[in-house]
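The values are calculated or read from the model by the stated rules, or taken from the named source; none is laboratory data. Note that the structure is predicted; figures quoted are calculated from it, not measured. Don't worry about glycine lacking a Cβ; one is built from the backbone with ideal geometry, like all the others, and counts go over all protein chains shown. Accessible surface is based on the protein model in full, side chains and every heavy atom, while ligands, DNA and RNA are left aside. Shrake-Rupley method; radii C 1.70, N 1.55, O 1.52, S 1.80 Å.
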Amino acid sequence: MNFLTSKWLVLAVGMLAILLNTISCTKSSTEPDAPTATSSFDLIQQKILTPTCATSGCHLSEKDATFAQHGLVLAEGVAYQNMVGVDPKNSDAKTDGLKRVKAFASLESLLYHKLTPTASHHSGKQYGNPMPLGGVLLSDGQIEYVRRWIDAGAPKTGTIADATLLDDKTVTPTAYEPLPVPATGTGFQMAIPAFDIQPNFERELFARRMVGNTQDVYVNRYETKMRSGSHHFVAYDFRSKTFLPNLNDIRDLRNSDNSLNISTALTMSNHVYLAGSQAQYQDYVFPEGAALLIPAGASLDLNSHFVNKTTTVMKGEAQINLYTIDKSKVTQVVQTLDLSNTNLAIPANGRVTLTKSFAFNKPRKVLTLTSHMHKLGEKFVIKILGGARNGEVVYTSTDWEHPDIITFKTPINLQKGEGLISEITYNNTTSKAVSFGLTSEDEMGIIFGYYYEE
């Protein structure tokens, strides 16, 4: 081949390359791009968060009735930024260093704990009930998908897990194991045996039971446990021992048509909080030397509330164990706070915030706080009165039916003359003025809790 032929051959090859490249570019500019795979987080949003958490009305927006309790919106567009790397509102989870979602650490992510029905990986921590409360639990595959996503760094984009896991329908049943009865001489168990909750219904009931103590006992620890789907389990003492409900009767708060059972509601006005939890399992121990005095022959009103959002009958069940110590080991008798504002004047068709201060005539250490108001109650705030922490908010609840129960790891130390302030907002949507009273049409504003004197 001579030089001239070679030159023309090189030129022809070059022109062909340019032509092919032009055709390729023309094709890529006129044909649609290949579809991009949906990211793992977007799949979690579409398959889990939106249908299970957000559309239920629990985590849809800041207007949800339960938002003040959890402070978490999981709607599309904001869920990722509200979860990944964010501190949880649950005080136990926060104290333990968990995040709502902690990248590369599913066991340090509250989301994983809340989606998993078994408490075996919780190490006894009080991280609340599995979610969705009262609904159909996530499948094994869905939970595994979330775990793999978190342990891969919880990325917002990219595909890191097998999407077929999200189509898994297997839900491994978790058998409920009731609390074992305390050994003879160490305590007492009180229980509400298994009962039915009808589909798409919330059942809340009360039952007065005998503690079983024939002499005064001192309780320095209590355990509570309930089946999945429970909102809370509380044991109440009675302010007046004269008029008590019948022993062992099951008293439903709501009738089968969801209307309020007035006779049951009236008995609630005689309640004084004694022990309880909103967590599926709780083990509460009083400070060393401190204990509750339970008089001989005492009875308590057990209150259990379950939510069933499924289409099948669900079972409820709960137990409380009261563990005792010898009187000789008790240096401080724990007493129950019962601070009531009876001067309530709530105008018709109006919203009003009423406050009352409760100063103590002796130093007190406050261990636990909870609240009690009726259906007009919109927000219950407790503040410290006096001292270096004057005005500090130590408790807030926006749920009149099921108020938060806050236990302080470090007791609130109040000196003589200091105390607590109740600040309650009522929204009276009725056409008549409302005042303090015992019926469901009246109102209340009571601080309950535990304390002991120094």
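Does at least one position in the stretch 378-401 carry a residue that is under 24 Å from Ser230 (Cβ atoms), among the β-branched types (Val, Ile, Thr) and in contact (Cβ under 8 Å) with a residue 24 or more places away in the chain?
Start the filter on the stretch 378-401 by keeping residues that are under 24 Å from Ser230 (Cβ atoms), which leaves 380, 395-401.
Pick out the ones that are also among the β-branched types (Val, Ile, Thr) and you get 396, 398.
Cutting the leftovers down to in contact (Cβ under 8 Å) with a residue 24 or more places away in the chain gives us 396, 398.
For the stretch 378-401, residues under 24 Å from Ser230 (Cβ atoms), among the β-branched types (Val, Ile, Thr) and in contact (Cβ under 8 Å) with a residue 24 or more places away in the chain: present.
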Residues of the stretch 384-405 classified as crowded, with 18+ Cβ neighbours inside 10 Å and over 17 Å from the mean Cα position of the chain (by Cα), total = 3
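Would the stretch 428-439 turn up any residue that is out of contact with any Pro (no Cβ under 7 Å at 6 or more places or on another chain), surrounded by 16 or more Cβ atoms within 10 Å (Cβ to Cβ), of a type in the set (A, V, I, L, M) and farther than 30 Å from Cys58 by Cα? Quick ask: steps written out before the conclusion?
Residues of the stretch 428-439 out of contact with any Pro (no Cβ under 7 Å at 6 or more places or on another chain): 429-432, 434-439.
Checking the rest, the ones that are also surrounded by 16 or more Cβ atoms within 10 Å (Cβ to Cβ) come to 434, 436.
Now narrow it down to the ones that are of a type in the set (A, V, I, L, M): 434.
In the following step, the residues that additionally are farther than 30 Å from Cys58 by Cα were identified as 434.
The answer is yes, given that some residue of the stretch 428-439 is out of contact with any Pro (no Cβ under 7 Å at 6 or more places or on another chain), surrounded by 16 or more Cβ atoms within 10 Å (Cβ to Cβ), of a type in the set (A, V, I, L, M) and farther than 30 Å from Cys58 by Cα.
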Pull up the stretch 348-376, narrow it to residues that are among the aliphatic types (A, V, I, L, M) and in a loop (DSSP other than H, G, I, E, B), then point me to the one that is farthest from the chain's Cα centre (by Cα).
-> Ala348
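With respect to Asp326, is the statement that it is on the phi < 0 side of the Ramachandran plot and open to solvent by 40 Å² or more (accessible area, probe 1.4 Å) true?
Working: on the phi < 0 side of the Ramachandran plot: yes; open to solvent by 40 Å² or more (accessible area, probe 1.4 Å): yes.
So Asp326 fits the description; yes.
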Of the residues Leu293, Leu247, Leu274, which is under 18 Å from Pro403 (Cβ atoms) and at pLDDT 90 or above?
-> Leu274
By residue number, the members of the stretch 167-189 that are touching a residue at least 60 places away in the same chain (Cβ under 8 Å) and outside any loop (DSSP other than H, G, I, E, B) are Gly187, Phe188, Gln189
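Keeping to the stretch 216-256, report how many residues are of a type in the set (Lys, Arg), open to solvent by 60 Å² or more (accessible area, probe 1.4 Å) and farther than 13 Å from Phe206 by Cα. I'd like the intermediate steps shown before the answer.
Filtering the stretch 216-256 down to residues of a type in the set (Lys, Arg) leaves 221, 225, 227, 239, 241, 251, 254.
Keeping just the survivors that are open to solvent by 60 Å² or more (accessible area, probe 1.4 Å) gives 221, 227, 239, 241, 254.
This time we only want the ones that are farther than 13 Å from Phe206 by Cα, so: 221, 227, 239, 241.
Count: 4.
When you scan the stretch 78-89, do you find a residue that is at pLDDT below 85, surrounded by 11 or more Cβ atoms within 10 Å (Cβ to Cβ), under 17 Å from the mean Cα position of the chain (by Cα) and not aromatic (Phe, Trp, Tyr), even just one?
Residues of the stretch 78-89 that are at pLDDT below 85, as a first pass: 89.
After this cut, where a residue has to be surrounded by 11 or more Cβ atoms within 10 Å (Cβ to Cβ) as well, the list is 89.
Subset that is under 17 Å from the mean Cα position of the chain (by Cα): 89.
The next check asks that each one be not aromatic (Phe, Trp, Tyr); those that pass are 89.
Yes, the stretch 78-89 contains a residue that is at pLDDT below 85, surrounded by 11 or more Cβ atoms within 10 Å (Cβ to Cβ), under 17 Å from the mean Cα position of the chain (by Cα) and not aromatic (Phe, Trp, Tyr).
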Hey, among the residues in the stretch 97-107 that are open to solvent by 20 Å² or more (accessible area, probe 1.4 Å) and more than 11 Å from Asp87 (Cα to Cα), which one's modelled with the lowest pLDDT?
-> Leu107
Could you please find all residues in the stretch 406-419 being surrounded by fewer than 16 Cβ atoms within 10 Å (Cβ to Cβ) and either among the aliphatic types (A, V, I, L, M) or modelled with pLDDT under 95 (or both)?
-> Lys409, Thr410
